[in-house]
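> If you scroll down you'll find the structure; I have some questions about it.
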Amino acid sequence: MISRTSYFFLLLFICIVALGALPAVHAQAQQNSQAVRLRLWNIHPEGYPVTVALDSFAAEINEQTKGRISVQVFSNATLGDQPKAVSMLKSGELDMGEFGLPPLTEAVPSMKAITLPFLFKDTAHMFRHLDGALGARFRERLAAAGFVVLGWYDGGARSFYCTNKQLTGPRDFKGLRIRVQGTEVFKEMITLLGATPMGVPYKEVKTAFDEGKIDCAENNLPSFVSAGHYKSARFFFQTEHVITPEALVISSSAWRKLSADDQKLFLAAGERSAKKMRELWVKQVEEAKVVARKAGVVFDRPIEYGAYVARMKPLLQKYWTNPDTKDELVTILAN
Ligand code: BDP
């Protein structure tokens, strides 16, 4: 039982403690109101090279700024699919994202050149250009279109895979329903192979396979496994028809709010995360192949590529004669 006097002293004590804590609470509030919180969108699940690299980017920013700037990574498309993320980035609901080329080529049409099939010899060839003058040109154009690139990530080499069809040559594509990312180049590529392009969002591809809505899809090996497509599509045809980069970007409006020093920090951390991502990628491709093989996936490779390139001629010609993409193609093919 507490007496009235003790009750009074207890109250007094609580007030003194509360008053003493006030400045601290206030300082905390002030610090929080100044703290910058950035939201970063990512389509991939935990453990995927992109996700690991983004998490390390976020950790580095949080650490170097001592929490003054915090980057929160939303992985596995929890905030929605890629088109939604792009519109959120434009409206300011989102600040950063790791995107494949489709939304970037929409913003900068000259980048369509690098989505053409059978263009880059290999990943080294692609990064030689992206880490060089061509990449710098794209960065400038993307920044003007609202996307500041902090690092070029590896989007891998994309190949076809099907549920019930073991592809061996270009003729086998006839009549197949093939899921592709919804860009003009990809859709035209499928049509030129005699198949039907199907625009299915990435996260719905597995279900589309299981419900028999598509016969095939195309992607890189790590996505083939991490998205579970290998459980439905047992025939993998290693065409590696498109070798593609991806990008870690921040919206131009979020970028402008950063001080010059913070911008430097973001660029350096972005570069480091890209380096990490590219290293992890090489391992992941091998691991994915092992997982798929163990699950019974059958791997084939085209015997030669001439017949595929010949089929792509109208597509290649179209972009050769397009003033938007011609310079880019000349630069890539000459080096
Ligand atoms: C994955 C890419 C991702 C694409 C996805 C797709 O990393 O950006 O959205 O393919 O095919 O490999 O939609």
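> Step by step: first the residues of segment 48-66, then only those that are in a loop (DSSP other than H, G, I, E, B) and over 14 Å from the mean Cα position of the chain (by Cα), then the one that is farthest from residue 92 (Cα to Cα). Which residue is that?
So the residue we want is 66.
> Have a look at 276, 294 and point out the one that is open to solvent by 50 Å² or more (accessible area, probe 1.4 Å), free of Cβ contacts under 8 Å to residues at least 12 places away in the same chain and out of contact with any strand residue (DSSP E or B) (no Cβ under 7 Å at 6 or more places or on another chain). Outline the logic, then answer.
Working: 276 fails: free of Cβ contacts under 8 Å to residues at least 12 places away in the same chain.
It is 294.
> Inspect all residues belonging to segment 152-175 and state whether any of them is surrounded by 14 or more Cβ atoms within 10 Å (Cβ to Cβ), outside any helix (DSSP H, G or I) and among the aliphatic types (A, V, I, L, M).
yes
> List every residue pair whose Cβ atoms sit under 9 Å apart, with the two residues 6 or more apart in sequence or on different chains, where the first one lies in segment 143-166 and is under 12 Å from residue 99 (Cα atoms) and within 11 Å of the ligand (Cβ to nearest atom) and the second, anywhere, is of a type in the set (Ser, Thr, Tyr) and not in a strand (DSSP E or B).
Every condition considered, the pairs that remain are 153/273; 154/123.
> Looking only at segment 290-304, decide whether some residue is over 30 Å from residue 72 (Cα atoms), modelled with pLDDT under 95 and of a type in the set (D, E, K, R).
yes
> Looking only at segment 67-105, which residues are out of contact with any Lys or Arg (no Cβ under 9 Å at 6 or more places or on another chain), open to solvent by 30 Å² or more (accessible area, probe 1.4 Å) and either within 14 Å of the ligand (Cβ to nearest atom) or not in a helix (DSSP H, G or I) (or both)?
Across segment 67-105, the qualifying residues are 67, 68, 78, 82, 83, 84, 92.
> Something else now. Any residue that is in contact with a strand residue (DSSP E or B) (Cβ under 9 Å, 6 or more places away or on another chain) and in a helix (DSSP H, G or I) - is there at least one of those in segment 303-321?
Going through segment 303-321, the residues in contact with a strand residue (DSSP E or B) (Cβ under 9 Å, 6 or more places away or on another chain) turn out to be 305, 308, 312.
Then drop every residue that is not in a helix (DSSP H, G or I), which leaves 308.
Yes, segment 303-321 contains at least one residue that is in contact with a strand residue (DSSP E or B) (Cβ under 9 Å, 6 or more places away or on another chain) and in a helix (DSSP H, G or I).
> What number goes with the only condition from (1) buried (at least 20 other Cβ atoms within 10 Å of the Cβ); (2) over 27 Å from residue 112 (Cα atoms); (3) of a type outside the set (S, T, N, Q); (4) free of Cβ contacts under 8 Å to residues at least 24 places away in the same chain that residue 230 does not pass?
If we test residue 230 against (1) buried (at least 20 other Cβ atoms within 10 Å of the Cβ); (2) over 27 Å from residue 112 (Cα atoms); (3) of a type outside the set (S, T, N, Q); (4) free of Cβ contacts under 8 Å to residues at least 24 places away in the same chain, just (4) comes out false.
> To continue, here is another question. So which pairs qualify, if the first residue must be in segment 42-66 and closer than 18 Å to residue 82 by Cβ and open to solvent by 10 Å² or more (accessible area, probe 1.4 Å), the second must be of a type in the set (Phe, Trp, Tyr) and not in a helix (DSSP H, G or I), the Cβ gap must be under 9 Å, and the two must be at least 6 apart or on different chains?
43/99
> So which pairs qualify, if the first residue must be in segment 308-335 and closer than 11 Å to residue 192 by Cα, the second must be open to solvent by 80 Å² or more (accessible area, probe 1.4 Å) and assigned to a helix (DSSP H, G or I), the Cβ gap must be under 8 Å, and the two must be at least 6 apart or on different chains?
none
The values are calculated or read from the model by the stated rules, or taken from the named source; none is laboratory data. Only a predicted model underlies this, so the values are computations on that prediction, with no experimental measurement involved. Because the Cβ atoms are built from the backbone with ideal geometry, glycine has one as well, and the counts that use them run over all protein chains shown. Note: accessible area is taken over every heavy atom of the protein model, side chains too, but ligands, DNA and RNA are not part of it. Shrake-Rupley method; radii C 1.70, N 1.55, O 1.52, S 1.80 Å.
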